[in-house]
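Readers should treat all values here as calculations from the given coordinates under stated rules, not as data from a laboratory. Quick caveat, the model's predicted, so the values are computed rather than measured. Cβ atoms come from the backbone with ideal geometry, glycine included; neighbour counts cover every protein chain shown.
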Amino acid sequence: MTDPARTEPAANGAGTIAVTGVTGALGGQVVRLLSDDFRVDLRLLARDPDRAPDIDTDIRACEYGDLDASVAALHGVESLLMVSASESADRRTEHRTFVRAAVEAGVRHIVYTSFAGAAADAAFTLGRDHHDTEQAIRDSGLDFTFLRDSFYLDVLPLFADAEGVIRGPAGDGRVAAVARADVADVAAAVLRDPDAHRGATYTLTGPEALSLADVAERAGAVLGRPLRFVDESVEEAYAWRREQYGAADWQLDAWVSTYTAIRDDTLAEVSPDVERLTGHPPRTLEDALTDG
């Protein structure tokens, strides 16, 4: 049910809060966390509003690459959770278009889900996309908070193929991967009081740095499925993925650099930010695979 007239500021001073990506796992979880808070005036943005969570709030159609539709959907919004779009060759342009729409619509504060170590030369090539979006937001003049999450703990086991093999050039490198639920908890906490987090950049990790061999052993025990990690050379990784999927070069670079970023320990540092912002310790791999 929509209620476009609900534009008065919420009691917590955050005003109308818009959440993107609400049909996905992260955005949908943030919506569930905020939907029971009577202080929050919530607006859901989705490419397909019919797939949005079924709660009594304002739902608008919106696509990042559609400037006019995005401006209309964002009109009256004070704070915005911008969940990064699915990886694509056009993601930088789509993100920059959406940031421009936020400016034109009068949004005051963007909370953006970025990536740990986002930089122009990030080891994980898609981290460079996130750096570009961060720069666009900084240049926009809007208030911002960046949530730089690591790889998702609950997604790492999905790297396994049908035979239960996680393969890639990660060696003995480690990654302080984070539970998606913890990222949602942090996002909800920030959105409830965005002014307290103005200009902040948080790195969101789990409680420990794991090798992919660790992930395979521990995830397999939880899932009741034998998993194992097989190290590859970079050349083998490219050749196997090119043969299996015939993907574009940018996609191959993203897939392979997922593993080389882990190999080089660029994502191994454990951050205290999840506990500091949520009040609870970050979830372990086992927690991430069994919660809910």
- Which of T16, T113, T57 moves most in a GNM of the chain, Cα contacts under 10 Å? T57
- Would you work out the relative contact order for the chain, in percent, from Cα pairs under 8 angstrom that are 6 or more residues apart? 17
- Pull up the DSSP beta bridges for the chain and report the antiparallel fraction as a percent, rounded to 5. 5
- Amide H proximity to E232 below 5 Å, modelled H, separation 5+ or other chain, gives G168, A170, G171
- Task: Quickly work out the E243-to-E104 label distance, labels modelled 7 Å from Cα along the C-beta direction, and quote it in nm with one decimal.
- Result: 4.8
- Item | V222 paired with E236, simple spin-label distance in nm, labels 7 Å along Cα-to-beta-carbon | 2.7
- Task: Please check which bits of the range 162-188 a label hung off D37 would reach, taking the label as a point 7 Å along Cα-to-C-beta and the cut-off as backbone N under 13 Å.
- Result: 184-188
- Message: Which residue fluctuates most in the GNM of the chain (Cα springs below 10 Å): P226, P207, P282?
- Response: P226
- Message: Given axes a ≥ b ≥ c from the Cα gyration tensor, I'd like to know whether the range 174-292 is rounded (a/c under 1.5), prolate (a/b larger than b/c) or oblate.
- Response: prolate
- Task: Kindly state, to the nearest 0.05, the FRET efficiency for D121 paired with V155, given R0 = 22 Å and r defined as their beta-carbon distance.
- Result: 0.35
- Query: Could you give the length gained on full extension between T284 and D90, defined as 0.36 nm per residue of separation minus the Cα-Cα distance, in nm?
  - Reply: 66.5 nm
- Message: Tell me the relative contact order for the range 20-137 as a rounded percent, counting alpha carbon contacts under 8 Å between residues six or more apart.
- Response: 21
- The ³J(HN,Hα) series, computed from each phi in the range 78-85 with the Karplus coefficients 6.51, -1.76 and 1.60 at θ = phi - 60°, rounded to the nearest Hz and given as x for glycine or proline, is 8, 10, 10, 8, 9, 7, 4, 5
- Out of V155, A237, A200 - ranked by how far each Cα lies towards the positive end of the dipole of the chain, with unit charges on the beta-carbon of charged residues - the top one is A200
- Message: With n ≥ 4 as the cut-off for DSSP H runs, can you work out [θ] at 222 nm for the chain, using -39500 (n - 2.57) per run divided by the number of residues, rounded to the nearest 500?
- Response: -12000 deg cm²/dmol
- Message: Compute a Gaussian network model of the chain, connecting alpha carbons closer than 10 Å, and tell me which residue from T93, T145, T133 fluctuates the most.
- Response: T93
- Do any chymotrypsin sites (Phe, Trp or Tyr not before Pro) in the range 7-101 lie in a DSSP loop with no more than 10 other beta carbon atoms within 10 Å, and if so, which? F38
- Cβ-Cβ FRET estimate between E269 and L67, R0 fixed at 41 Å, reported to 0.05: 0.65
